[in-house]
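All of the numbers you see were taken from the coordinates with simple rules; none came from a lab. Keep in mind that what you see is a predicted model, and the values were worked out from it rather than measured. We place every Cβ from the backbone using ideal geometry, glycine too, and count neighbours over all the protein chains shown.
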């Protein structure tokens with residue numbers, strides 16, 4: 001049985017420096033929650049920004065007790081001059097999570113963020129392509145004369161994994177060879193929160209994988225012959241492909257295949273979900289494929305397929321099938 005966290009006396013804990021509290025919180029996220037390095041860096045950056053703001057206001061190192069509803073509102077007001085509501089909301093969420101941790105630890109008796117409303121967000125419609133345009137993008141590497149054969153095959157697989165499997169960018173760049181099971185046509189994905197899921201490889205993706213693996217050995221450093229032994233997707237010098245490189249590749253084929261130099265990896269993921277929905281896939285199935293923790297996240301795609309919903313209504317609803325008078 002796991003031991004309960006020890007309760008620190010409120011009289012002394014609230015006088016602890018806020019910087020020390022941030023360190024304890026980030027350590028908790030890393031060791032117990034097992035958050036990704038990217039998440040840890042983002043939380044630390046947001047919280048340290050508040051700590052720096054309070055330090056400038058107070059002209060001393062702020063204590064936990066200095067973080068009040070009024071001081072938080074002052075910080076958010078300063079952020080509002082240059083930051084979008086979605087950015088402010090993310091920073092507030094980081095602070096809220098931190099104080100919930102401190103409250104559970106007995107280091108504060110109340111959460112100062114509890115009565116602060118999250119800024120209203122204008123939810124943008126996710127970018128996606130229609131099926132014909134997506135096909136043009138995914139097949140664009142075949143005719144790319146400026147790439148070697150191994151690079152063309154790698155790029156074709158990369159696009160198939162983003163669109164055909166609906167992978168997130170970081171899931172794609174983190175793929176290792178031992179996560180790919182070609183014989184079963186499936187890949188094992190370690191998604192957000194280190195949650196594992198199995199994603200099936202469709203026929204085009206399976207063929208792209210087979211073709212790439214046959215030429216993968218050609219992607220190595222020209223002088224040292226270095227090649228990352230674990231990574232699935234390699235750069236021309238044998239190193240693991242990073243997020244920025246993948247973004248650049250997607251923009252390249254967005255421009256070549258569809259005249260869309262603004263195309264980004266997540267748009268292919270959105271396109272995957274949208275086309276599955278239009279093809280009649282159940283929302284729960286799409287949720288499982290994409291690795292969404294909540295069905296509400298998956299439901300963002302429903303408004304993109306209003307035409308499909310209308311067709312279903314016209315064919316299935318009894319009122320839609322009523323004959324007009326005189327017919």
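What is the distance in Å between the Cα centres of region 217-281 and region 107-180?
Here the two parts' Cα centres lie 9 Å apart.
So for region 135-306, averaging the separation of alpha carbon pairs under 8 Å that are six or more residues apart and normalising by length, what relative contact order in percent results?
On the way: 244 pairs, mean separation 42.3, N = 172.
That works out to 25 percent.
What value in Å³ per residue do you get for the convex hull of the alpha-carbon atoms in region 135-306?
Numbers: hull volume 20.2 nm³, N = 172.
With only Cα atoms used, region 135-306 gives 117 Å³ per residue.
Say a paramagnetic label sat at a point 7 Å from the Cα of residue 20, along Cα to Cβ; which residues of region 64-84 have their backbone N under 18 Å from it?
From region 64-84, the list is 64-67.
Per Stokes-Einstein, at 37 °C and 0.692 mPa s, what whole-number D in µm² s⁻¹ belongs to region 27-81, with the Kirkwood radius over Cα pairs as the hydrodynamic radius? Provide the component values of the computation, followed by the final result.
Working: Rh = 12.5 Å.
Here the translational diffusion coefficient equals 264 µm²/s.
Using Cα-Cα distances under 8 Å and only pairs 6 or more residues apart, what relative contact order does region 43-132 have, in percent?
Details: 53 pairs, mean separation 26.6, N = 90.
Taking the mean separation of contacting Cα pairs over the length of region 43-132, I get 30 percent.
For region 10-104, just say rounded, prolate or oblate: build the C-alpha gyration tensor, square-root its eigenvalues into a ≥ b ≥ c, call rounded for a/c under 1.5, and beyond that prolate if a/b exceeds b/c, oblate if not. Let's see the in-between values first.
On the way: a/c = 1.83, a/b = 1.06, b/c = 1.72.
Oblate.
What percent do you get for the relative contact order of region 150-198 when only Cα pairs under 8 Å and 6+ apart count? Could the numbers behind the result be given before it?
Details: 28 pairs, mean separation 9.7, N = 49.
In percent, rounded to a whole number, it is 20.
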